[in-house]
Amino acid sequence: MAMGSSRSAVDLRTAADLDVAVRIGSAWREMRRGASAAVLRDYLFGTAADALDAGQMDTLDVLIQQPAWRMSELAEALRVDPSTATRSVQRLVKVNLAGRHADIDDGRVVIVCATDAGRRLHKSIDVRRGEVISKLMSAFTPPERTDLADLLTRFVQRLDQVVDDLPRAAG
């Protein structure tokens, strides 16, 4: 399906739309929770007590993108609230994958960066992720790979829009 193709309303009362929605939902669930997800997570992030979880890896992914981050900027880049970013950074600091210090210009501001150990770990995980993605992509023709990338990108963008429009839970 090309990016510029026409879009139509989805009616989950129709068998065709419901079937596709169920298939997408099942695939999404299996990617998140299926047995292969656990094996993949262990392969990528380790199984020892110091293994990273997906949120910590997300944080490390962002941290290595630039030499240093203000905590507020890091939270924004991660698209999480500052307390969530702080918890993830605390775990990375505890295992020497990130460092944290006060900004020299404004002591109230916390600066975070990946340590050399964090950069090395990230590089080794990135190599394993590359191997997995390469093997996954080999199941598709080059045009299908492009279509899949385009569709997944659009799916995530639409997910963000849908989430932005959801009513917020009462605090």
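The values are calculated or read from the model by the stated rules, or taken from the named source; none is laboratory data. Since the model is a prediction, treat every value here as computed from it, not as a measurement. Every residue, glycine among them, receives a Cβ derived from its backbone with ideal geometry; neighbour counts consider all protein chains shown.
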>> So ARG13 ticks every box in (1) within 22 Å of the chain's Cα centre (by Cα); (2) exposed (fewer than 14 other Cβ atoms within 10 Å of the Cβ); (3) over 22 Å from SER124 (Cβ atoms) but one. Which box is left unticked?
In response: (1)
>> Based on this model, can you work out whether ALA85 counts as out of contact with any strand residue (DSSP E or B) (no Cβ under 8 Å at 6 or more places or on another chain), more than 27 Å from LYS135 (Cβ to Cβ) and not in a loop (DSSP other than H, G, I, E, B)?
In response: yes
> Given (1) part of a loop (DSSP other than H, G, I, E, B); (2) closer than 26 Å to LEU152 by Cα; (3) of a type outside the set (Gly, Ala, Ser); (4) touching a residue at least 24 places away in the same chain (Cβ under 8 Å), where does ASP50 come up short, assuming only one miss?
Replying inline: (2)
>> Exactly one of these conditions fails for ARG145: (1) in contact with a helix residue (DSSP H, G or I) (Cβ under 9 Å, 6 or more places away or on another chain); (2) under 20 Å from ASP58 (Cβ atoms); (3) modelled with pLDDT of 95 or more. Give me its number.
In response: (2)
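Take LEU152 and decide whether it is within 23 Å of MET31 (Cβ to Cβ) and either buried (at least 16 other Cβ atoms within 10 Å of the Cβ) or not assigned by TED's automatic domain parsing to the domain that holds ILE24 (or both).
yes
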> Regarding ARG158, is this residue touching a Leu at 6+ places or on another chain (Cβ under 8 Å) and at pLDDT below 95?
Replying inline: no
> With respect to ARG23, is the statement that it is within 18 Å of the chain's Cα centre (by Cα) and either within 22 Å of LEU152 (Cβ to Cβ) or among the polar types (S, T, N, Q) (or both) true?
Replying inline: no
> Of everything in the range 60-74 that's assigned to a helix (DSSP H, G or I), modelled with pLDDT of 95 or more and of a type outside the set (Asp, Glu), which residue is surrounded by the most Cβ atoms within 10 Å (Cβ to Cβ)?
Replying inline: LEU63
> Is there a residue being of a type in the set (Gly, Ala, Ser) and surrounded by 16 or more Cβ atoms within 10 Å (Cβ to Cβ) anywhere in the range 118-137?
Replying inline: yes
